[in-house]
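Reviewing the structure listed below.
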Amino acid sequence: MKRVVVQPEDFDVASELAALEALGGGGIASFIGVVRGGGGLIALELEHYPAMTAAQMERIVDEAMARWPLLGVTVIHRFGRLDPGARIVLVGTASRHRTAALESCAFLIDWLKSDAPFWKKEYFADGAAAWVAAREEDELKAKGWN
């Protein structure tokens, strides 16, 4: 089972994980990313080019499924304007054993954080706005999987 979705709407974590559990594996790993608050942040806006985003996300999920013995993968990434505390991303992986589920989940999150084709802009209470630059530590984690 492979589920890759890019959408503006929130997602139901329980139902997404239940679908992975139903595959009958022994290990389900998941990560939920949320918009961080603080520092006067009032919103985070994510933009993307749909055809490119879908193709790249499908490619990296296929790579994860080739590298680990996975029964299923779910990746849901939101776009649009999100408030602090809103969910941005869900990655869930299912395998017969925990190591494959945990490693593949970490691999997918590291890729999404460093190489997924999303552009992020932060908006602040004082009226300021700034594009979010890639963080070197995220890029190093992603390169570590090569």
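Could we say that G127 is without any contact (Cβ under 8 Å) to a residue 24 or more places away in the chain and either among the charged types (D, E, K, R) or at positive phi (or both) here? Even if it seems obvious, please write down each step before you answer.
Numbers: without any contact (Cβ under 8 Å) to a residue 24 or more places away in the chain: yes; either among the charged types (D, E, K, R) or at positive phi (or both): yes.
The answer is yes for G127.
Hey, can you tell me all the residues within region 118-146 that are surrounded by 14 or more Cβ atoms within 10 Å (Cβ to Cβ) and either of a type outside the set (F, W, Y) or in a strand (DSSP E or B) (or both)? Let's see the steps before the verdict.
Just the residues of region 118-146 that are surrounded by 14 or more Cβ atoms within 10 Å (Cβ to Cβ), to begin with: 118, 120-123, 138-139, 141-142, 145.
Matches in region 118-146: F118, K120, K121, E122, Y123, D138, E139, K141, A142.
Any idea which residue in region 65-80 is nearest to L44 (Cα to Cα), counting only those that are part of a helix (DSSP H, G or I) and of a type outside the set (K, R)?
So the first thing to find is which residues in region 65-80 are part of a helix (DSSP H, G or I), and the list is 65-67.
In the following step, the residues that additionally are of a type outside the set (K, R) were identified as 65-66.
On the way: M65: 31, A66: 33 Å.
Once the filter is applied, the top-ranked residue is M65.
List the pairs whose first member sits in region 48-60 and is under 19 Å from I88 (Cα atoms) and among the basic types (K, R), whose second member is at pLDDT 95 or above and not in a helix (DSSP H, G or I), and whose Cβ atoms are under 9 Å apart, counting only residues at least 6 apart or on separate chains?
Close Cβ pairs satisfying both conditions: none exist.
Examine region 85-97 for a residue that is touching a helix residue (DSSP H, G or I) at 6+ places or on another chain (Cβ under 7 Å) and either closer than 20 Å to R135 by Cβ or open to solvent by 50 Å² or more (accessible area, probe 1.4 Å) (or both), and state whether such a residue exists.
If we filter region 85-97 for residues that are touching a helix residue (DSSP H, G or I) at 6+ places or on another chain (Cβ under 7 Å), which is where we start, we get 89-95.
From what is left, the residues that are either closer than 20 Å to R135 by Cβ or open to solvent by 50 Å² or more (accessible area, probe 1.4 Å) (or both) are 89, 91.
Within region 85-97, one or more residues are touching a helix residue (DSSP H, G or I) at 6+ places or on another chain (Cβ under 7 Å) and either closer than 20 Å to R135 by Cβ or open to solvent by 50 Å² or more (accessible area, probe 1.4 Å) (or both).
Any residue that is of a type outside the set (G, A, S), open to solvent by less than 40 Å² (accessible area, probe 1.4 Å) and in a strand (DSSP E or B) - is there at least one of those in region 10-28?
Pass one, region 10-28, residues of a type outside the set (G, A, S): 10-13, 16-17, 20-21, 23, 28.
So of that shortlist, the ones also open to solvent by less than 40 Å² (accessible area, probe 1.4 Å) come out as 11, 13, 16-17, 20.
Filter once more, keeping what is in a strand (DSSP E or B): none.
The answer is no, given that none of the residues of region 10-28 is of a type outside the set (G, A, S), open to solvent by less than 40 Å² (accessible area, probe 1.4 Å) and in a strand (DSSP E or B).
Being within 24 Å of E21 (Cβ to Cβ) and open to solvent by less than 30 Å² (accessible area, probe 1.4 Å) is the requirement here; does A64 meet it? Before you say what the answer is, go through the steps one by one.
Numbers: within 24 Å of E21 (Cβ to Cβ): yes; open to solvent by less than 30 Å² (accessible area, probe 1.4 Å): yes.
The answer is yes for A64.
Spot the failing condition for R36; the list is (1) open to solvent by 70 Å² or more (accessible area, probe 1.4 Å); (2) under 19 Å from H97 (Cα atoms), and only one is missed.
For R36, the failing item is (2).
The values are calculated or read from the model by the stated rules, or taken from the named source; none is laboratory data. All figures in this text were calculated on a predicted structure; none of them were measured in a lab. So basically every Cβ, Gly included, is an ideal-geometry build from the backbone, and we count neighbours across all protein chains shown. Note: accessible area is taken over every heavy atom of the protein model, side chains too, but ligands, DNA and RNA are not part of it. Shrake-Rupley method; radii C 1.70, N 1.55, O 1.52, S 1.80 Å.
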